[in-house]
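Down below is the structure, laid out as C-alpha cells.
The values are calculated or read from the model by the stated rules, or taken from the named source; none is laboratory data. In this text, all values refer to a predicted model and were calculated from it rather than measured experimentally. All Cβ positions, glycine included, derive from the backbone under ideal geometry; neighbour counts span all protein chains shown. Remember, those area values only see protein heavy atoms, side chains included, never the ligands or the DNA or RNA. Shrake-Rupley method; radii C 1.70, N 1.55, O 1.52, S 1.80 Å.
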Amino acid sequence: MQKIRIAFAGFRHGHIGDVYRRLQNRPDAEIVAACEEDAATRAALAAEGRFAITHESFEAMLSDVPCDAIAVGDYYGRRGRLLIRALESGRHVLSDKPICTRLEELDRIAALAGDGKRSVGCQLDLRDYPACRAARAAIQAGEIGEVHAVSFNGQHALAYGTRPGWYFEPGKHGGTINDIAIHAVNAVPRITGRRWASVCAARNWNAALKAVPHFRDAAQMMLTLDNGAGVLGDVSYLAPNAFGSPIPYYWRFLFWGGAGLLDIACAGGTAMLYKSGEPAPRPLPLPPAAGGEYLEAFLDEIRGAAKPGQLSTREVLDSSRAALLIQRAADAGQVGLRLS
C-alpha cells in the first residue's frame, strides 16, 4: 500500500495535535513536513517537543515537499487562505473546524474540490460520539417516530487568559456560531436523517467577557429542518471555567418525536429513551467509543474507498456553509434565511 504523505500548516489551535498524533506510526500514511510561520508559536512548540517543525514558510513547504495532503491548524481567520492555496497546488486538505470564516472563501474551496479529485476533510468528531451514534440508530429505527423538535446545548468554557490570545484579536476568530455550532449543524442531520431548511433567527452578543467588548461570547439560534421541525440551540462560551468542558450540559441534545423523547448527553455518555406507551424511561446501549473517524473517512475518500456513513467532502462543505450562514444571520440580524 502506498502511503499517503501529509504535511502540516499551522499549530495555533491545539485540536490539530489529534491529527498529528493519529498519523504517527501508521502503516498507510506518513507525516512528511510541518510548518509554523508564527515565531512565538514555533518557540513554544520547540519547548514542548511534541511536533517536528521543518519549515517556517508555508509557500516554501508547498514548493519543496512532495505531499498528497495538507492538514491545517492555524488560527481560524487564516485557514481559508491556506486551504485554498493547498487545493490550488493539487493537494487534498484536512482542517480543524471551522475550515474558514468567510462565505467567499468557502465558495472557492468548494469550486476547487468540485471536480471530485481533491478531498476536504474536517475534524467533526461529535457525530461519532457513542451517544450520537446510539441516537441515530434509535431515530432511524423509528423509536420516537417523526422528529418534530430538537434542542441542543453546546456551552463551552471560555478560559480567557489561558485560551490562545488570537481568539480575541479582531478578524482572527470569525464568530462563536461558526466556531462551535458547526458540530451540531453537522450532527443533527446525520442523527435525524433530515436536511437544514432555514434560519428563523440567530443572535450573538457580548455577555460576560466585558474585557473584550467586541468578542461575542454568547450565541443562540432558532432553525428549521426540511420537515418543518424546529431546532433551538445555544453554543455560548458561558460554561464555568472551573469545570472545563465535561459538564452534563456539554453537547446535550433533546429529540422530540411523535412517539417519544430521546435525551442524549455526549460528555456523560448517556442516551435515554422516553417512549410513548412504555411505563419507564429506557437507557439505550451505547456502541464502543472509537475516535478519529474523521481521519479514517478522509484517508478512505482520498483512496477512493469511502464507506457508507462516513464523513464526506460534500458534508463538510454543506455543514460549513450552513454554519457560516447562521453566523451571518446573527451578525446582521437577518431572519428567514434559507439554508438549502
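If you stretched the chain out fully between Ala111 and Ala47, how much longer would it get, using 0.36 nm times the residue separation minus the C-alpha to C-alpha distance?
Residue separation times 0.36 nm, minus the Cα-Cα distance, leaves 19.1 nm.
Nearest 0.05, what FRET efficiency do His214 and Asp64 give at R0 = 41 Å with Cβ-Cβ as r?
Efficiency computed from Cβ-Cβ geometry: 0.60.
Whole Å is fine, so just give me how far the alpha carbon centre of segment 155-233 lies from that of segment 79-133.
Measuring centre to centre over Cα atoms gives 19 Å.
With label points built 7 Å along Cα→Cβ from the Cα atoms of Glu146 and Asp331, find their separation and express it in nm.
Distance between the two pseudo-spin positions: 3.6 nm.
Would you mind checking Lys3/Lys307; Lys3/Lys97; Lys3/Lys117 for any pair whose Cα atoms are more than 22 angstrom apart?
With Cα atoms farther than 22 Å apart: Lys3/Lys97.
Under a crude label model (7 Å from the Cα following the beta-carbon direction), how far is Ser89 from Gln310 in nanometres?
Label at Ser89, label at Gln310, 2.5 nm between them.
Where does the charge balance sit around His173 when Lys and Arg score +1, Asp and Glu -1, over other residues with C-beta under 10 Å from its C-beta?
Overall, the nearby charge balance is 0.
How about Lys210: which lysines have a C-alpha closer than 20 Å to its C-alpha, ignoring those fewer than 8 places off in the same chain?
Qualifying lysines at Cα under 20 Å: Lys172.
Quote to one decimal, in nm, the extra length available between Tyr249 and Arg21 on full extension: 0.36 nm per residue of separation minus the C-alpha distance between them.
In short, 79.3 nm is gained.
Would you mind checking segment 187-207 for residues with the amide N under 14 Å from a putative spin-label position 7 Å along Cα→C-beta of Arg163?
205-207
Could you give the length gained on full extension between Leu103 and Ala207, defined as 0.36 nm per residue of separation minus the Cα-Cα distance, in nm?
Gain on stretching Leu103 to Ala207: 34.8 nm.
Considering only Glu30, Glu278, Glu315, give the residue with the highest GNM mean-square fluctuation for the chain, with springs between Cα atoms whenever their separation is below 10 Å.
The residue that fluctuates most here is Glu278.
Which one of Ala239, Ala271, Ala39 has the biggest mean-square fluctuation once the chain is modelled by GNM with Cα springs under 10 Å?
So, out of Ala239, Ala271, Ala39, the one fluctuating most is Ala39.
For the pair Glu56 and Arg282, how long in nm is the line joining their label points, each one 7 Å along Cα→Cβ?
6.3 nm
Express the accessible area of the chain per residue in Å², computed with a 1.4 Å probe while the remaining protein chains stay in the model.
About 42 Å² of surface per residue is accessible.
Could you compute the FRET efficiency for Asn241 and Gln2, with r as their C-beta to C-beta distance and R0 at 51 Å, rounded to 0.05?
For Asn241 and Gln2, the calculated efficiency is 0.65.
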